[in-house]
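J.: Okay, handing you the structure first.
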Ligand code: ATP
């Protein structure tokens, strides 16, 4: 079974593209959502986060106190790095377990969606990586609308990410989500190419 990854910058359309793969019955591991889930459900991760950020890291109802953690991590990059060093390996192990479950079900390939695939080195465990791209102006507009942010705030987030051009250079497949090229056609082409790789 092949393992694929799908990545792209903020607002490029990773999740939108994954929804199309879902219609082809391809199982998707949404790493960023799963990371958020693990941060409130995994006892070992919770212990590590409390050690780093104190008891205020969680609210009384067990939910993550994002404002508290974000406030500290924003001012202290070393803490952010430590948080990532806790979360990324936990998500990696969880993703591997998921992968084994899918293997047992006999699916043709799996897809792992993550904002950071090249940055965390997780591409090394993947057979192929798809990069979703869109012109920066379109990404800014889409994220402003989705997250109710200003253009400046979106630009700041884009500036903190690996440049799209670098991701495209590393990619095995590129999907252009610019509103001009059909997403469905591009997904079907890649799907077919992967099935042929397997044959
Ligand atoms: P993030 O990394 O920020 O989670 P993402 O890469 O997963 O983003 P999406 O959430 O799929 O991106 O898309 C960003 C926003 O743009 C969403 O509101 C989505 O509905 C919208 N969008 C994505 N692709 C298109 C498209 N082709 N046409 C119109 N809207 C789109």
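J.: For segment 27-52, which residues satisfy the criterion of being more than 16 Å from the ligand (Cβ to nearest atom) and touching a strand residue (DSSP E or B) at 6+ places or on another chain (Cβ under 9 Å)?
T.: 27, 39, 40, 46, 49, 50
J.: Further question on the same structure: Which number in (1) within 27 Å of residue 85 (Cβ to Cβ); (2) in the same structural domain as residue 197 (by TED's automatic domain parsing); (3) surrounded by fewer than 20 Cβ atoms within 10 Å (Cβ to Cβ) marks the one condition that residue 100 misses?
T.: (2)
J.: Kindly provide the set of residues from segment 158-185 that are in contact (Cβ under 8 Å) with a residue 40 or more places away in the chain, within 13 Å of the ligand (Cβ to nearest atom) and not in a loop (DSSP other than H, G, I, E, B), ordered by number.
T.: 158, 164, 167, 175, 176, 183, 184
J.: Considering each of 56, 79 in turn, give the residue that is modelled with pLDDT under 95, over 30 Å from residue 105 (Cβ atoms) and touching a helix residue (DSSP H, G or I) at 6+ places or on another chain (Cβ under 9 Å).
T.: 79
J.: Please list, ordered by residue number, the helices (runs of 4 or more DSSP H) wholly in segment 1-84 having 2 or more residues that are within 13 Å of the chain's Cα centre (by Cα) and surrounded by fewer than 18 Cβ atoms within 10 Å (Cβ to Cβ). Outline the logic, then answer.
T.: Details: elements: 14-23, 31-41, 43-53, 66-75.
In segment 1-84, 14-23, 31-41 are the helices (runs of 4 or more DSSP H) which contain 2 or more residues that are within 13 Å of the chain's Cα centre (by Cα) and surrounded by fewer than 18 Cβ atoms within 10 Å (Cβ to Cβ).
J.: In segment 118-148, how many residues are within 30 Å of residue 1 (Cβ to Cβ) and either in contact (Cβ under 8 Å) with a residue 12 or more places away in the chain or within 13 Å of the ligand (Cβ to nearest atom) (or both)?
T.: The first filter runs over segment 118-148 and keeps only residues within 30 Å of residue 1 (Cβ to Cβ), leaving 118-134.
Those still in the list that are either in contact (Cβ under 8 Å) with a residue 12 or more places away in the chain or within 13 Å of the ligand (Cβ to nearest atom) (or both) too: 118-120, 122-123, 125-134.
Residues that pass the stated criteria total 15.
The values are calculated or read from the model by the stated rules, or taken from the named source; none is laboratory data. Remember, predicted model here, so these are calculated numbers, not experimental data. In this analysis, Cβ positions are derived from the backbone assuming ideal geometry, glycine residues included, and neighbour counts consider all displayed protein chains.
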